[in-house]
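I have placed the structure first, in the form of structure tokens, so that the comments after it can refer back to it.
The values are calculated or read from the model by the stated rules, or taken from the named source; none is laboratory data. Since the structure is predicted, the reported quantities are computational estimates derived from the model, not experimental observations. For neighbour counting, all protein chains shown are included, and Cβ atoms are generated from backbone atoms with ideal geometry for every residue, glycine included.
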Amino acid sequence: MAQVVTSHRGPVTGTATHQRKKRPFLLDLYSTAVGKKYVMGLTGIAMMGFVLFHMIGNLKMYLGATHLDEYAEFLKQLLVPIAPEGVVLWLLRGGLITFLFLHLHAAWSLTRLNRHARPVKYQSKRDYQIANFASRTMRWSGMIVLAFIIWHLSDLTFGVANTVGTDGVFVKAEVYNNVVRSFQRVPVSIFYVVANILLGIHLFHGTWSIFQSLGWNNPRFNNWRRGFATGFAAIVVLGNVSFPIAVMAGIVG
């Protein structure tokens, strides 16, 4: 009678014995296109709020040096004495830098995903036209705006590009004088105007895209979305562009 021989085989691979470690939920969500779009939308909203309130605060320039300098001092005194002077302001700046980094990374990642994904038709011809124009302008306008942000910080925050204060030294407390002296340089004012026009283009299409990124893109609200995007971008650009023009025209000085 033949003897039956049985053998016991171990697992072929290690996958049977080692369970894959799960990533945190937020990282897992961000690895998807939907997650990246949400990050784009939410960070975009945060930065929209910043550029709007930053412009509104700078309007104090029209009230004179005292008001603008006091406003700058107020920002440094946020939550004092609970927090040391300037700490909250730098925390806010750090948060904005983080939002900017996440916004750029999500945009870059989505661009890579879109290049490998199958094209999906838009809901309407109008949506296609707007999104097509945005795809052709958002990248280069975004890069120029990023260069402008770096220059703006070097010029009016750190003073590296604006050593025109007392005895040739940048004086942070002289906010009004620093702004006026900076905009008295014609190339700087021209760059500021051009960069803010490009910022307006970026804001318009970014504001429009936020509704799509967050799933608020019902075609019935297209006119409202377009009006909101246009109005928001126009307010920010007109306010910001007025500063160098006012200085060059001698209205402020």
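Pick out the one residue from 188, 164 that is at pLDDT below 85, touching a Ser or Thr at 6+ places or on another chain (Cβ under 9 Å) and surrounded by 13 or more Cβ atoms within 10 Å (Cβ to Cβ).
164
For region 184-229, name all the residues that are small (Gly, Ala, Ser), within 15 Å of the chain's Cα centre (by Cα) and under 21 Å from residue 245 (Cβ atoms).
195, 200
Being assigned to a helix (DSSP H, G or I), exposed (fewer than 15 other Cβ atoms within 10 Å of the Cβ) and polar (S, T, N, Q) narrows it down to one residue among 209, 154, 182; which is it?
Going through 209, 154, 182 in turn, the sole match is 154.
For region 49-65, name all the residues that are free of Cβ contacts under 8 Å to residues at least 24 places away in the same chain and over 16 Å from residue 250 (Cα atoms).
49, 53, 54, 57, 60
What is the one condition in (1) more than 27 Å from residue 29 (Cα to Cα); (2) at pLDDT 85 or above that residue 206 does not satisfy?
Of (1) more than 27 Å from residue 29 (Cα to Cα); (2) at pLDDT 85 or above, only one is false for residue 206: (1).
Among helices (runs of 4 or more DSSP H) lying entirely in region 1-101, which contain 3 or more residues that are at pLDDT 85 or above and closer than 23 Å to residue 177 by Cβ?
By residue number, 33-58, 65-76.
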